[in-house]
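The values are calculated or read from the model by the stated rules, or taken from the named source; none is laboratory data. Remember, predicted model here, so these are calculated numbers, not experimental data. Ideal geometry is used to build each Cβ from the backbone, glycine not excepted, and the neighbour counts take in all protein chains shown. Side chains included, ligands, DNA and RNA excluded: accessible areas come from the protein's heavy atoms. Shrake-Rupley method; radii C 1.70, N 1.55, O 1.52, S 1.80 Å.
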Amino acid sequence: MQKLIIVLAFLIPGAVLAQAPVSKLGSGSVEERLSQLERVMDARNSAQMAMLDQMNTLQNEVAELRGRTEEHAHQLEQILLRQREIYQEIDRRLASQPTTPVVATGGADSAMGYSANVSENDAYDQAIKLVLEDKRYDAAIPAFQQFLERFPDSTYAANAHYWLGQLLFADGKYDAAKKEFNTVVEKFPDSNKRGDCLLKLGIIAQQQNQPQQARSYFQKVLNEYSGSTEATLAQKRLNEL
């Protein structure tokens, strides 16, 4: 009796499953027609489950692709930052080369930004070479630290603190990197690296789950270095907070 009620429910006009042609159910007994309906339902359920599985698979693939895209975008941003830093350093070094022989006077040529102390120049060039040419970043960290110990008032002090901060930042030593970037920001207001140091301080704050502090640094970049590459990157970071 219960099976008969179920069959009749399927056969009532307007029922959801009545959309299937009745002629396809055959003209056998109630039991046979019920079996046919059950097979139709099983086939339909199987098809629906297969579609759901396909949708879930596609959704997972889309999520994975989205994650990869975001990761690649971040990597590209880091590559562009690194490339810009290298170009800036090359430009600085080319601009600092004197057009006439330097006379060792014990001081620094403030107009050219190039030290008259040969050993100071050599020490800085050796540290920079470890970064730009040799790619020996682990060796570059102590090289810059030793340079700053020997020449704390060097013409290159701001750049040395900046590069040391960059190396520590890349190594995941955020607190140590923050100290170097803060030194540039606070002690060398005219440094062309100051804007990037503020940006990196914001990124470090963001990495350390300090959104308010990160927002403050990024806003400072926008206020003080409007129109610069650093400002563009800071705005992008602000939009993500």
For segment 181-194, what are the residues that are in contact (Cβ under 8 Å) with a residue 24 or more places away in the chain and more than 11 Å from residue 162 (Cα to Cα)?
187
From the list 77, 32, 89, which one is acidic (Asp, Glu), surrounded by 10 or more Cβ atoms within 10 Å (Cβ to Cβ) and at pLDDT 70 or above?
32
Can you tell which of 125, 134 is at pLDDT below 90, outside any helix (DSSP H, G or I), open to solvent by 40 Å² or more (accessible area, probe 1.4 Å) and of a type in the set (Asp, Glu)?
134
Do any residues in segment 218-241 that are at pLDDT 90 or above have Cβ atoms under 7 Å from those of residues that are outside any helix (DSSP H, G or I) and crowded, with 18+ Cβ neighbours inside 10 Å, where the two are at least six apart or on different chains, and which pairs are they?
231/225
